[in-house]
Amino acid sequence: MEQPVIVSADSHFLDPPHLWRTWLPTKYRDRAPQLVEDDSRGHAWLYAGAKEPESIGLAGLPGRPASDLRAHGVRYEEIRRGTFDGAARAADQDQDGVAAEVIFPTARSLGHFLDDPDRDLVLAGTDAYNRFVIEEFCAGAPRRLFAVAQLPTTGVEDCVKTLQYAAGRGFVAAVLPCWPTGSDRLTVDSAPLFACAQDLGIPLCLHVRFRSREERLLLRELQEQNLIDELDTVRFRPPAADHAPRPLEYHHRAPNFGVTLGSAASVFSDLLFSGIFDVYPRLKIGFIETWVGWIPRALEAVDDIWDRNRYLRRIPLSQPPSHYWHSNMVASFLNDQTGIHSRHTIGVENMMWSSDYPHFGTFWPNSGKVARESLNGVPAAECALILSGNCIRFYGLADRLGMP
């Protein structure tokens, strides 16, 4: 049987050493992320507000077993060039069994700019990233790499201008880091961006975290004063790096998946109850790297809330909230057996597979094999939608991939 085409709905790259010194205007380069050495003489990026630089190891060593990974002591000269060079990425895709990838920004390096109080620096950083990813990285393999633009955190007008730029340069979507106003609430003031996205036919995506401008500025200030941990949550602080945690201790190196899911669920609910899709019925929204197994319960919950409160609270929807999920929204996952088992409740056409290459969660060089195995027993037509068809439709890739 012919294997289905596989397209990653969410991949990334490791910032190449020259990115910011080449693409950021000269006047801002001393405020850019700085490439430094970690305590093991490996390469690391020093970001604003960080207590220590972030070593490149976990983003630069895809394919290694978990027992052989190391965060520190890794240099650009020893990692796969395809992790930071678009022209070299095709070889990694071929080895992984992936036909093409949609390229999303990396939260940490873009957060360096998005969280800054200086509006001009925010705009300079997002513009530098957007020009690099479309003019250099994805230009290295234009039929296999498709760029997603980064929107700023500085207000609706700036978001609209960036989205218009993106539409004219061939971007396939844009990342919304917070509500277009920068506020922590979705209000009618955000309408111009949603109208623009619908008119241009460009999807807007939530990628992992979603924070208001005010929250970003506060967290940056607390970080710079060494008053907050980088995970923004309570963490156990070990007496030594090799400390073995005891029961009831939150291990100091364990990521908190609830941070991501909490953001996604909150935005999901706000969008579905806002009436936005009645006003902008062609608007497309993507929840990227949020997985999908939680969505059946979320759909059940929003429909129940609506049914009980639609008259009392005059919720302005012409259809139950779940209707808009199925008609206007999608989500991506790497490996989600709960979601696959629940695919008919989620909507087979609302699920997109991704590789997350070269980040820590990737299954490279076995993504194609793992993806097909995870869909064992799923009908071929549904596999084709989940592994590529939905991604191609959502991002509008058919013509660019040379498909009918």
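The values are calculated or read from the model by the stated rules, or taken from the named source; none is laboratory data. In this text the structure is predicted, and so the values were computed from the model without any measurement. Please note: Cβ atoms are built from the backbone with ideal geometry, for glycine as well, and neighbour counts cover all protein chains shown. The protein model used for the area step is the full one, side chains on, heavy atoms only, and it has no ligands, DNA or RNA in it. Shrake-Rupley method; radii C 1.70, N 1.55, O 1.52, S 1.80 Å.
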## Note on the structure
For 116-123, 143-150, ranked highest to lowest by mean beta-carbon neighbours within 10 Å, the order is 143-150, 116-123
### Query
What is the distance, in nm, between label points placed 7 Å from the Cα along the Cα-to-Cβ direction at residue 143 and at residue 344?
3.9
### Gain on full stretching of the segment that runs from residue 88 to residue 118 - 0.36 nm per residue minus C-alpha separation
7.3 nm
#### Entry: Rounded to whole Å, sorted largest first: equivalent-ellipsoid semi-axes of the stretch 84-141, Cα gyration tensor
28, 12, 7
### Task
Note the full-extension length gain between residue 21 and residue 312 as 0.36 nm times their separation in residues minus their Cα-Cα distance, in nm to one decimal.
99.1 nm
## Note on the structure
If R0 = 22 Å, then residue 81 and residue 366, at their Cβ-Cβ distance, give a FRET efficiency to the nearest 0.05 of 0.65
### Message
Just to verify a number: what accessible area does residue 78 come out at with the full protein assembly present, 1.4 Å probe, Å² rounded to tens?
### Response
90
### Message
I'd like the FRET efficiency for residue 278 and residue 41, computed as 1/(1 + (r/R0)^6) with the beta carbon distance as r and R0 of 51 Å, rounded to 0.05.
### Response
0.35
### Task
Starting with the highest mean, order 192-200, 10-18 by the number of other Cβ atoms within 10 Å, averaged over the residues of each peptide.
10-18, 192-200
## Note on the structure
per DSSP, antiparallel bridges as share of beta bridges in the chain, % nearest 5, sits at 20
### Message
Taking 37 °C and 0.692 mPa s as the conditions, I'd like the Stokes-Einstein D for the chain in µm²/s, using the Kirkwood hydrodynamic radius from alpha carbon pairs.
### Response
149
### Task
Taking all pairs of distinct Cα atoms, average 1/r, flip it, and tell me the Kirkwood hydrodynamic radius of the stretch 250-370 in Å to one decimal place.
15.7
### Query
For the stretch 35-70, list residues with backbone N below 13 Å from a point placed 7 Å from the Cα of residue 29 toward its Cβ?
35
### Query
Summing +1 for each Lys or Arg and -1 for each Asp or Glu, what net charge is found among the other residues whose Cβ lies under 15 Å from the Cβ of residue 9?
-3
### Query
How would you classify the stretch 1-158 from its alpha-carbon gyration tensor, with a ≥ b ≥ c the square roots of the eigenvalues: rounded for a/c under 1.5, else prolate if a/b is greater than b/c, otherwise oblate?
oblate
### Summary
Rounded to one decimal in nm, the spacing of the 7 Å Cα→Cβ label points at residue 191 and residue 135 is 3.6
### Task
With a 1.4 Å probe and all protein chains in place, put 327, 355 in order of accessible area, largest first.
327, 355
### Query
Across the stretch 120-128, in residue order, what do the Karplus-derived ³J(HN,Hα) couplings come to in whole Hz, using 6.51 cos²θ - 1.76 cosθ + 1.60 with θ = phi - 60° and x for Gly and Pro?
4, 5, 4, 5, 5, x, 5, 5, 4
### Query
Can you give the extra length, in nm with one decimal, that the chain gains between residue 266 and residue 66 once fully stretched, where that is 0.36 nm per residue apart less the Cα-Cα distance?
68.8 nm
### Query
Distance from the Cα centre of the stretch 104-123 to that of the stretch 333-396, in angstrom?
30
### Query
Tell me, what does the Kirkwood hydrodynamic radius of the stretch 67-223 come to in angstroms if you use every pair of distinct C-alpha atoms?
16.8
### Query
Ignoring any ligand, DNA or RNA, what whole percent of the accessible area of the stretch 78-198 comes from carbon and sulfur when the probe is 1.4 angstrom?
48
### Query
Going by the alpha-carbon gyration tensor, a ≥ b ≥ c the square roots of its eigenvalues, is the stretch 299-404 rounded (a/c under 1.5) or, if a/c is not under 1.5, prolate (a/b greater than b/c) versus oblate?
prolate
### Task
Sort the following peptides by mean Cβ neighbour count (other Cβ atoms within 10 Å, averaged over residues), highest first: 66-76, 315-325, 126-136.
126-136, 315-325, 66-76
